[in-house]
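*Asks:* Structure in structure tokens, see below.
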Amino acid sequence: MTYDLVIRNGTVVSVEHGTFEADVAADDGVVSAIARPGALDGDEVVDATGKHVLPGAIDPHTHHGIYRGLDEDAESESRSDLVGGVTTIGNYFRRGASYEEVMPGYFEEAEPNYYHDYFFSLGLLSFEHIEEIPYLVEELGITTFKWYMNYKYAAGEKFGVDCDMLDDYGDAFIQKLAEQDAPTTLGYHSENVEITNGLAGGNVYVTSESDDTEADPDEGYEVMVEEFPGYAETQSMVAGASLAKLHDYDESFYAVHISSAKTANELAALRAAGYDHWGETCPHYLCLTTEECDERMKVNPPVRSQHDQDVLWERLADGTISCIGTDHCANVSETKFGEGIRDSALGFPSTPVMLPLVLSEGVNEGRISLERAVAVTSTNTAKAWNLYPKKGTIRVGSDADLVVVDLDETKTVTPELLQGAADYSPYDGREVTGWPTHTIVRGRLAYAEGEVVGEKGYGTHIDRPI
């Protein structure tokens, strides 16, 4: 028998079944056979001798369509993602208008332009949005949402909604999600704005994509850390998790972009106390420290100390932190950099380096196993975001989203290497060891040996529940 595509003689890495030598075949977009090495023939064959075969990486935390049009981001960023072995992304989208009215237009922008699959996670900003949840789940296949604690008191001015996003809104939000028959997930941006606003002198500059306060070129990155301390993140995370548990929703509560050692340790304490929620960190918290950051790395929450980084790796290894997302934004120098840290915009591109950085700094440095790397970049993410077992695993019947990686290949990060829209990278010039050689999206070869060979528009929205 001849299959559409065969990845031959690779070392397959599976969270469920361990690591083993095998051929993997794909037909009609799904994995159709797994057999002993050299046993399968295909119309197209990828030789993975000496390399590892992983389920395609999933970045659940991107922000396409913020600095540019969604159609532009869908094309350029999904193309770039293939370089890093990413085969599915989740796009956090937030708009003040009715989602029932505006989402058809955004689907029209997205569908013709993604090289890989994607799903929307919607930031709900008002009680009116909360009432739309049943429609979003049942009609649009969107089951994942976000509560932005950093927009508390500011949503009305920023988005034109009649809501301050206080705890009464959050209470209604969680209860409505818990009522749904389909599994849902709530991404939670942990931030106590009463604390951070006070430390910032009342300047609520993180509620915008750029800072509205007066620029001071002499201020460095440390001002971000001073005004957004880790304990303000920690307190908010605990409060949100508690509210979710009180509504029997803690299994679907997902704390995004954990940056602080205190937050990671408190997450572990909550787990020990019987909470069962998800935690996510980002590559920049695992691979950078405050001292090496400048305007390129401006993000909320900010990059913190070496101690924070060390604890985050420990909590990633021991299972406290379940997933990695990037908080990716497709901005360019013209819109990113201003006169100093406050005048520069939030966010930076990161998705295509997610898996390589985890392999380089995690696996190759002995911080986590290769199977744990697969869990936090794919399998756990698929489970947390209601995609599993369609995504996140290598097994017969699952989507043939696969990545062949060479753990020994070293490349220097440059914008040109990553092939995205951004003309800069927070990792520019960094040597990273462990890169994809081939990326397969639903059974089709999309990236091979440095060249994107996939088809724009082949990616599609993943309707959930699966």
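The values are calculated or read from the model by the stated rules, or taken from the named source; none is laboratory data. Given the structure is predicted, the values throughout are model-derived calculations rather than measurements. Because the Cβ atoms are built from the backbone with ideal geometry, glycine has one as well, and the counts that use them run over all protein chains shown.
*Asks:* With the structure loaded, tell me whether residue 395 is in contact (Cβ under 8 Å) with a residue 12 or more places away in the chain, out of contact with any Phe, Trp or Tyr (no Cβ under 7 Å at 6 or more places or on another chain) and basic (Lys, Arg) or whether it fails that test.
*Replies:* For residue 395, the condition - in contact (Cβ under 8 Å) with a residue 12 or more places away in the chain, out of contact with any Phe, Trp or Tyr (no Cβ under 7 Å at 6 or more places or on another chain) and basic (Lys, Arg) - is met.
*Asks:* On to the next question. Can you confirm whether region 43-64 contains a residue that is more than 30 Å from residue 1 (Cα to Cα), touching a helix residue (DSSP H, G or I) at 6+ places or on another chain (Cβ under 9 Å), in the same structural domain as residue 134 (by TED's automatic domain parsing) and without any contact (Cβ under 8 Å) to a residue 60 or more places away in the chain?
*Replies:* Checking region 43-64: not a single residue is more than 30 Å from residue 1 (Cα to Cα), touching a helix residue (DSSP H, G or I) at 6+ places or on another chain (Cβ under 9 Å), in the same structural domain as residue 134 (by TED's automatic domain parsing) and without any contact (Cβ under 8 Å) to a residue 60 or more places away in the chain.
*Asks:* Can you pull out every residue in region 325-339 that is crowded, with 20+ Cβ neighbours inside 10 Å and assigned to a loop (DSSP other than H, G, I, E, B)?
*Replies:* Correct list: 325, 326, 327, 330, 331.
*Asks:* Could you list, in sequence order, the residues of region 392-416 that are among the aliphatic types (A, V, I, L, M), within 23 Å of the chain's Cα centre (by Cα) and within 15 Å of residue 26 (Cα to Cα)?
*Replies:* 394, 400, 402, 403, 404
*Asks:* Sticking with this one: Only residues that are modelled with pLDDT of 95 or more, in contact with an Asp or Glu (Cβ under 9 Å, 6 or more places away or on another chain) and hydrophobic (A, V, I, L, M, F, W, C): list them for region 173-202, please.
*Replies:* 178, 182
*Asks:* Could you check region 60-109 and list, in sequence order, the residues that are assigned to a loop (DSSP other than H, G, I, E, B) and not hydrophobic (A, V, I, L, M, F, W, C)?
*Replies:* 64, 65, 67, 68, 69, 84, 85, 95, 96, 98
*Asks:* Go through region 355-391 and report how many residues are farther than 15 Å from residue 315 by Cβ, under 17 Å from the mean Cα position of the chain (by Cα) and among the basic types (Lys, Arg).
*Replies:* Total meeting the criteria: 2.
*Asks:* I'm told residue 162 meets every condition in (1) crowded, with 19+ Cβ neighbours inside 10 Å; (2) in a loop (DSSP other than H, G, I, E, B); (3) not basic (Lys, Arg) except one. Can you identify the failing condition by its number?
*Replies:* Of everything listed in (1) crowded, with 19+ Cβ neighbours inside 10 Å; (2) in a loop (DSSP other than H, G, I, E, B); (3) not basic (Lys, Arg), residue 162 misses just condition (1).
*Asks:* Do we have residue 145 as in contact (Cβ under 8 Å) with a residue 40 or more places away in the chain and crowded, with 22+ Cβ neighbours inside 10 Å here?
*Replies:* It is true that residue 145 is in contact (Cβ under 8 Å) with a residue 40 or more places away in the chain and crowded, with 22+ Cβ neighbours inside 10 Å.
*Asks:* Take region 29-77 and flag every residue that is crowded, with 24+ Cβ neighbours inside 10 Å and farther than 19 Å from residue 404 by Cβ.
*Replies:* Once the filter is applied, which keeps residues that are crowded, with 24+ Cβ neighbours inside 10 Å and farther than 19 Å from residue 404 by Cβ, region 29-77 yields 60, 61, 62, 64, 73, 74, 77.
*Asks:* Do you know which residues across region 135-155 are within 21 Å of residue 195 (Cβ to Cβ) and assigned to a helix (DSSP H, G or I)?
*Replies:* Within region 135-155, 149, 150, 151, 155 meet the criteria.
*Asks:* State all residues of region 125-143 that are under 24 Å from the mean Cα position of the chain (by Cα) and either modelled with pLDDT under 95 or of a type in the set (A, V, I, L, M, F, W, C) (or both); if no residue qualifies, say none.
*Replies:* Within region 125-143, 125, 130, 133, 136, 137, 140, 142 meet the criteria.
*Asks:* Going through region 110-130 one residue at a time, which ones are in contact (Cβ under 8 Å) with a residue 60 or more places away in the chain and outside any helix (DSSP H, G or I)?
*Replies:* 111, 112, 113, 114, 115, 116, 117, 118, 119, 120, 121
*Asks:* Could you count how many residues in region 358-375 are surrounded by 24 or more Cβ atoms within 10 Å (Cβ to Cβ) and either in a loop (DSSP other than H, G, I, E, B) or in contact with a strand residue (DSSP E or B) (Cβ under 6 Å, 6 or more places away or on another chain) (or both)?
*Replies:* Here the count works out to 2.
*Asks:* Separate question: Could you list, in sequence order, the residues of region 233-249 that are more than 17 Å from residue 172 (Cβ to Cβ) and within 22 Å of the chain's Cα centre (by Cα)?
*Replies:* 233, 234, 236, 237, 238, 241
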